[in-house]
Amino acid sequence: MTDALPGDAPEPARSGLGRASAILASGTLVSRILGFVKVIVLAATIGQVASVPADAFAVGNQLPNNIYALIAGGLLGAILVPQIVRAGLHDDGGQRYINKIVTLGSVSFIVITIGVTLLAPVLVAVYAASDSGGGRGFSDEGIALATAFAYWCLPQVLFYALYSLLGEVLNARKVFGPFTWAPVVNNVVVIGSLVLFQVLFGGASDNSDVGVWDASRIAVLAGTATLGVAAQAFVLVFFWRRAGLSYRPDFQWRGVGLARTGKAAGWVFGMILVTQLAGVVQSQVATLATGEGASSTALANSWLIFMLPHSVIAVSIATAYFTRMSGHATTGDFAGVRADVRSSLTAIGLFITFASIALLVVAFPFARAFESGGFDNVAAMAIVIMAFAIGLVPFSAVFVLQRVFYSLEDTRTPFFIETAKAGVFVAGAFACTRLPVEFIVFGIALVTVLASLVQFVLTFLLLRRHLGPIGGRFLVRRHAQYLVGALVAGAAGAGVLAATGGYTPAGFGQSSLVAAVAVIALAGIVMLAVYAAVLLLMRNPDAAGALSKVTARIRRSR
């Protein structure tokens with residue numbers, strides 16, 4: 001029985017995409033693991049829950065990400081890949097277009113970075129809530145520290161932008177590995193710098209008071225964070241010849257489709273602007289809990305945990321499919337696009353559904369890996385992780401569906417969808433200000449899930465109207481099977497956690513970082529085995545296909 005719908009092309013062969021996805025996933029996985037190590041070491045260095053210096057650094061170090069996302073983030077991924085694929089049909093293989101866009105981007109990023117760095121005090125005031133007498137938000141000393149961090153961190157805007165610009169060019173040329181492996185360099189640099197910081201200035205207990213933060217502490221912590229991002233960007237330069245590219249600055253920015261790119265980019269910029277306005281509201285609301293409970297740092301670290309399966313699985317698979325979707329859309333092969341949508345969503349859903357339930361199960365020991373300040377602090381972070389985990393499947397599905405619109409060069413529809421999502425989020429975030437301070441960040445996580453669910457429903461319905469039937473019933477059946485298997489696996493994992501003390505203050509799973517990691521690994525192995533067994537008993541073809549690929553690879557390696 002075929003999964004194809006009437007009039008559709010047959011499901012595409014996945015061998016090439018599988019290799020590309022594996023390369024992307026392996027680099028992302030190593031990077032994310034090192035990212036966890038980095039955050040764990042950072043928490044041991046400056047604290048996490050109820051730590052004003054940690055929240056000040058979270059604000060200052062997040063600003064370049066926010067600014068970069070506003071000026072370039074989505075534009076580069078959503079617009080450049082289809083345009084570079086199209087430019088590859090030119091007689092020069094797209095070289096002129098790439099020279100022009102890299103030159104224009106570099107000049108623009110330098111000017112913007114200088115401007116936003118000078119505006120550091122204004123940006124901190126926009127993103128951080130100040131204590132106006134109600135006992136919520138940053139004190140004047142906390143705002144001053146966040147501003148000092150921001151001056152050191154905002155130059156990261158330039159390096160994030162160059163990393164994405166150079167990386168998206170490589171992705172469009174089907175050289176996928178460097179883009180996902182480059183962050184490994186960043187994490188290694190920052191981990192080394194945090195170890196140096198502890199040698200020089202001590203750990204969290206020595207750095208929890210705002211008053212001890214002098215110029216040398218600020219420079220070592222924030223300056224080396226920027227150094228790591230710079231290393232991440234410049235390592236990509238060494239891979240351009242492998243993609244058959246050379247670079248020559250070209251300041252003649254007319255021609256080879258730049259006007260067309262600008263038209264498409266307008267809607268994407270609007271979408272990112274809406275997203276960042278919602279981000280300002282989120283930051284302002286989250287920092288109301290600074291110094292009192294889970295605030296900006298706990299929210300960011302919980303999001304990092306949430307993003308691990310999304311980045312390793314969804315982003316890796318979707319990135320590999322995106323280039324092919326763009327090729328199908330360019331030739332008007334909508335049947336091929338529909339097949340890509342179904343294939344990518346089932347491939348992602350098979351793993352993401354399991355990851356969602358698994359995160360719910362291991363949230364407490366996962367939080368213990370980041371937090372050593374007592375079980376109350378662990379619980380404060382764990383409930384935030386659990387809230388985010390609920391929305392993992394729709395969040396990852398939206399990532400794929402948005403890129404289908406981009407491959408069709410429709411950036412207008414995602415803008416209106418994002419506006420609706422932002423409206424839901426902002427309304428919910430303002431409602432969170434009425435919560436007790438210890439539940440503010442938990443409320444923000446739940447509101448994020450609700451907004452993602454609204455976004456998914458709107459995106460799917462509008463894409464179906466654009467492309468025609470894309471197999472909604474088929475996708476629901478497959479995901480229902482994934483959910484049943486994941487719930488059974490989750491029950492088994494919860495039993496393991498209960499038996500090993502992962503949920504109790506005096507239990508083994510909460511006794512140390514090593515113990516927490518051990519029980520997570522044990523529960524994860526049990527859950528994965530049960531999940532695979534249940535799906536195989538239900539004769540799920542996706543699970544059977546994944547298992548056959550793994551066993552075949554094991555045989556080849558012998």
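In this entry, residue 351 is excluded by the filter for residues that are open to solvent by 10 Å² or more (accessible area, probe 1.4 Å), over 21 Å from the mean Cα position of the chain (by Cα) and not β-branched (Val, Ile, Thr). All conditions but one from (1) under 15 Å from residue 303 (Cβ atoms); (2) crowded, with 23+ Cβ neighbours inside 10 Å apply to residue 362; the one that does not is (1). For residue 450, the conditions (1) in contact with an Asp or Glu (Cβ under 6 Å, 6 or more places away or on another chain); (2) open to solvent by 40 Å² or more (accessible area, probe 1.4 Å) all hold with the exception of (1).
Let's see how each residue does on (1) modelled with pLDDT under 90; (2) within 21 Å of residue 478 (Cα to Cα); (3) of a type in the set (Phe, Trp, Tyr); (4) not in a helix (DSSP H, G or I):
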{"position": "352", "(1), (2), (3), (4)": "no, yes, no, no"}
{"position": "357", "(1), (2), (3), (4)": "no, yes, no, no"}
{"position": "365", "(1), (2), (3), (4)": "no, no, no, no"}
{"position": "373", "(1), (2), (3), (4)": "yes, no, no, yes"}
{"position": "377", "(1), (2), (3), (4)": "yes, no, no, no"}
{"position": "381", "(1), (2), (3), (4)": "yes, no, no, no"}
{"position": "400", "(1), (2), (3), (4)": "yes, yes, no, no"}
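On the stretch given as the range 402-434, residues that are open to solvent by less than 60 Å² (accessible area, probe 1.4 Å) and part of a loop (DSSP other than H, G, I, E, B) total 4. All conditions but one from (1) modelled with pLDDT under 75; (2) on the phi < 0 side of the Ramachandran plot apply to residue 166; the one that does not is (1).
Among the residues making up the range 435-447, those that are of a type outside the set (Phe, Trp, Tyr), open to solvent by 40 Å² or more (accessible area, probe 1.4 Å) and assigned to a helix (DSSP H, G or I) are 438, 446. Listed by position, the helices (runs of 4 or more DSSP H) enclosed by the range 450-558 that each have at least 3 residues that are of a type in the set (Ser, Thr, Tyr) are 541-557. Here residue 467 meets the list (1) buried (at least 16 other Cβ atoms within 10 Å of the Cβ); (2) under 21 Å from residue 393 (Cα atoms); (3) modelled with pLDDT under 90 almost entirely, failing just condition (2). Figure legend. Inter-residue proximity from the range 454-471: first residues farther than 17 Å from residue 325 by Cα, second residues open to solvent by 70 Å² or more (accessible area, probe 1.4 Å) and of a type outside the set (D, E, K, R), beta-carbon distance below 8 Å, spacing 6+ or different chains. No pairs are indicated.
Within the range 337-388, track down each residue that is of a type in the set (D, E, K, R) and either touching a Cys at 6+ places or on another chain (Cβ under 7 Å) or touching a residue at least 60 places away in the same chain (Cβ under 8 Å) (or both). If you could, list the steps in order and put the result at the bottom.
As a first pass, look at the range 337-388 and keep what is of a type in the set (D, E, K, R): 338, 340, 342, 368, 371, 376.
Answer for the range 337-388, where residues must be of a type in the set (D, E, K, R) and either touching a Cys at 6+ places or on another chain (Cβ under 7 Å) or touching a residue at least 60 places away in the same chain (Cβ under 8 Å) (or both): 338, 340, 342, 368, 371.
Looking only at the range 339-348, residues that are buried (at least 22 other Cβ atoms within 10 Å of the Cβ) and touching a Pro at 6+ places or on another chain (Cβ under 8 Å) come to 2 in all.
Candidates in the range 316-328 are the residues that are surrounded by fewer than 24 Cβ atoms within 10 Å (Cβ to Cβ) and not hydroxyl-bearing (Ser, Thr, Tyr); of these, the one that is nearest to the chain's Cα centre (by Cα) is 324.
Pick out the one residue from 195, 169 that is closer than 28 Å to residue 108 by Cβ, of a type outside the set (Asp, Glu) and in a helix (DSSP H, G or I). Quick ask: steps written out before the conclusion?
Working: 195 fails: closer than 28 Å to residue 108 by Cβ.
From the options 195, 169, the qualifying one is 169.
Any residue at all in the range 245-268 that's under 19 Å from the mean Cα position of the chain (by Cα), at pLDDT below 70, not small (Gly, Ala, Ser) and not in a loop (DSSP other than H, G, I, E, B)?
Checked the range 245-268: at least one residue is under 19 Å from the mean Cα position of the chain (by Cα), at pLDDT below 70, not small (Gly, Ala, Ser) and not in a loop (DSSP other than H, G, I, E, B).
Looking at 50, 128, can you tell me which residue is out of contact with any Lys or Arg (no Cβ under 6 Å at 6 or more places or on another chain), at pLDDT 75 or above and closer than 20 Å to residue 211 by Cα? Before the answer, list the steps.
Working: 50 fails: at pLDDT 75 or above.
It is 128.
Would you check if residue 40 is of a type in the set (A, V, I, L, M, F, W, C), at pLDDT below 75 and touching a helix residue (DSSP H, G or I) at 6+ places or on another chain (Cβ under 7 Å)? So residue 40 fails the test. In a helix (DSSP H, G or I), within 30 Å of residue 249 (Cβ to Cβ), under 23 Å from the mean Cα position of the chain (by Cα) and among the hydrophobic types (A, V, I, L, M, F, W, C): is that true of residue 107 in this structure? No. Tell me yes or no: at least one residue of the range 91-102 is at pLDDT below 70 and crowded, with 24+ Cβ neighbours inside 10 Å. Yes.
Given the structure, is residue 528 modelled with pLDDT of 90 or more and surrounded by fewer than 14 Cβ atoms within 10 Å (Cβ to Cβ)?
Details: modelled with pLDDT of 90 or more: yes; surrounded by fewer than 14 Cβ atoms within 10 Å (Cβ to Cβ): no.
Considered against the rule, which asks whether it is modelled with pLDDT of 90 or more and surrounded by fewer than 14 Cβ atoms within 10 Å (Cβ to Cβ), residue 528 comes out as no.
The values are calculated or read from the model by the stated rules, or taken from the named source; none is laboratory data. These numbers come from a predicted model, not from an experiment. Because the Cβ atoms are built from the backbone with ideal geometry, glycine has one as well, and the counts that use them run over all protein chains shown. We work out accessible area using only protein heavy atoms, side chains counted, and drop any ligands, DNA or RNA first. Shrake-Rupley method; radii C 1.70, N 1.55, O 1.52, S 1.80 Å.
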